[in-house]
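Below is one structure; the comments refer to it alone.
The values are calculated or read from the model by the stated rules, or taken from the named source; none is laboratory data. Keep in mind that this is a model prediction, so the values were computed, not measured. Cβ coordinates were reconstructed from backbone atoms using ideal geometry, including for glycine residues, and neighbour counts include every protein chain displayed. Just so you know, the surface numbers come from the protein's heavy atoms only, side chains and all, with ligands and any DNA or RNA stripped out. Shrake-Rupley method; radii C 1.70, N 1.55, O 1.52, S 1.80 Å.
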Amino acid sequence: MTIQWPAEAIWEAVSPLWPSFSVEILPEVDSTNTELMRRARAGQLDPILLVAERQTAGRGRLGRDWKSDTAGEGGTLTFSLGVPLAPADWSGLSLAVGLAVVNALHPALRLKWPNDVWLDGRKLAGILIETAGVGDTRYAVIGVGINLSPREATDLRTPPAALQELLPGVQAPDVLGQVAPVLVRMVQRFAAQGFAPLREDFLARDLLNGQAVVCSDGVNGTARGVDASGALLVHTDQGLIKINSAEVSVRPAPAAPL
Ligand code: BTN
């Protein structure tokens, strides 16, 4: 099936902001993040939106695999935005990206620190940010995977949520057209102003705030939002702890038995 992607409309919205911006659609690739990181290492550093109709080796945070369905009738939308960036401070970029995704999609969506998108207690979308290069300007690869139609739970503990639960019949091209320009504007805003001005908006979407949480580094406590750099604040028996490592995963604590 041929998918009609809104590549030209996205290019028209974004190219005034990034003059050398391009949009590329691939029927299949191992991973849009892997592909843009390969290109960056080969010296291709122009801003680009790379969309894959199918990924054969999608990657998630913390070295995990990211399994996705082919885009078509529903399926999964998978894309990466590659951009040269020079923010004064990189901290909070992943939260800003998550915020752009939920802002573009639906008021019912929540963010689970640092940037998982959740709906009704299940994960709906994931974000993987990687950077290449050194110095003030680095090349950031911002990968986004959004489940559109309901999927079987396989190796995941909870079956993922799907955007069609909120927006019946929504398809990958519509979602890409909605998300991509909002994401680009957010990344540019972040590069200019950092995370601090976005903190209140993040808190309004924060799934963990006030919840008992368990962190993979052994910290247990109650989530208390994020600070101006995007670090997660956890109230523990030892006091308030800040978690800012991308290597730490956080989950709501299981409910205590009655
Ligand atoms: C996570 O939740 O752990 C992050 C998942 C990120 C998936 C997206 S799909 C597009 C891009 N390419 C990848 O290989 N990963 C990201």
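Quick one: which residue in R110, R54, R41, R59 is open to solvent by 10 Å² or more (accessible area, probe 1.4 Å), out of contact with any helix residue (DSSP H, G or I) (no Cβ under 7 Å at 6 or more places or on another chain), in contact (Cβ under 8 Å) with a residue 60 or more places away in the chain and among the basic types (K, R)? Full working, then the answer.
Details: R110 fails: out of contact with any helix residue (DSSP H, G or I) (no Cβ under 7 Å at 6 or more places or on another chain); R54 fails: in contact (Cβ under 8 Å) with a residue 60 or more places away in the chain; R59 fails: out of contact with any helix residue (DSSP H, G or I) (no Cβ under 7 Å at 6 or more places or on another chain).
On inspection, the qualifying residue turns out to be R41.
Could you tell me which of the residues E35, E12 is open to solvent by 30 Å² or more (accessible area, probe 1.4 Å), away from the ligand (no atom under 11 Å from the Cβ) and acidic (D, E)?
Details: E35 fails: away from the ligand (no atom under 11 Å from the Cβ).
Every option except E12 fails the conditions.
Do we have any residue at all in region 229-247 that's in contact with a strand residue (DSSP E or B) (Cβ under 6 Å, 6 or more places away or on another chain), more than 30 Å from S149 (Cα to Cα) and in a loop (DSSP other than H, G, I, E, B)?
There is at least one residue in region 229-247 that is in contact with a strand residue (DSSP E or B) (Cβ under 6 Å, 6 or more places away or on another chain), more than 30 Å from S149 (Cα to Cα) and in a loop (DSSP other than H, G, I, E, B).
Given the options L167, L156, name the one that is modelled with pLDDT of 95 or more, surrounded by fewer than 22 Cβ atoms within 10 Å (Cβ to Cβ) and more than 30 Å from P84 (Cβ to Cβ). Please lay out each step first, then the result.
On the way: L156 fails: modelled with pLDDT of 95 or more.
Answer to the check: L167.
Is there a residue being among the hydrophobic types (A, V, I, L, M, F, W, C), within 13 Å of the ligand (Cβ to nearest atom) and within 17 Å of the chain's Cα centre (by Cα) anywhere in region 98-111?
Initial filter on region 98-111 (among the hydrophobic types (A, V, I, L, M, F, W, C)): 99-102, 104-105, 108-109, 111.
In the following step, the residues that additionally are within 13 Å of the ligand (Cβ to nearest atom) were identified as 101, 111.
Cutting the leftovers down to within 17 Å of the chain's Cα centre (by Cα) gives us 101, 111.
Taking every residue of region 98-111 in turn, at least one turns out to be among the hydrophobic types (A, V, I, L, M, F, W, C), within 13 Å of the ligand (Cβ to nearest atom) and within 17 Å of the chain's Cα centre (by Cα).
Could you give me the residue pairs with C-beta distances under 9 Å whose first residue belongs to region 161-186 and is within 13 Å of E73 (Cα to Cα), whose second residue is among the acidic types (D, E) and surrounded by 17 or more Cβ atoms within 10 Å (Cβ to Cβ) wherever it lies, and which are 6+ apart or on separate chains?
Hits for this filter: A172/E53.
If I filter region 1-22 down to residues being without any contact (Cβ under 8 Å) to a residue 60 or more places away in the chain and not in a loop (DSSP other than H, G, I, E, B), which single residue comes out as nearest to T78 (Cα to Cα)?
Filtering region 1-22 for residues that are without any contact (Cβ under 8 Å) to a residue 60 or more places away in the chain and not in a loop (DSSP other than H, G, I, E, B), the one nearest to T78 (Cα to Cα) comes out as A7.
Determine whether I129 is among the β-branched types (V, I, T), closer than 16 Å to V187 by Cβ and open to solvent by 10 Å² or more (accessible area, probe 1.4 Å).
Working: among the β-branched types (V, I, T): yes; closer than 16 Å to V187 by Cβ: yes; open to solvent by 10 Å² or more (accessible area, probe 1.4 Å): yes.
Yes.
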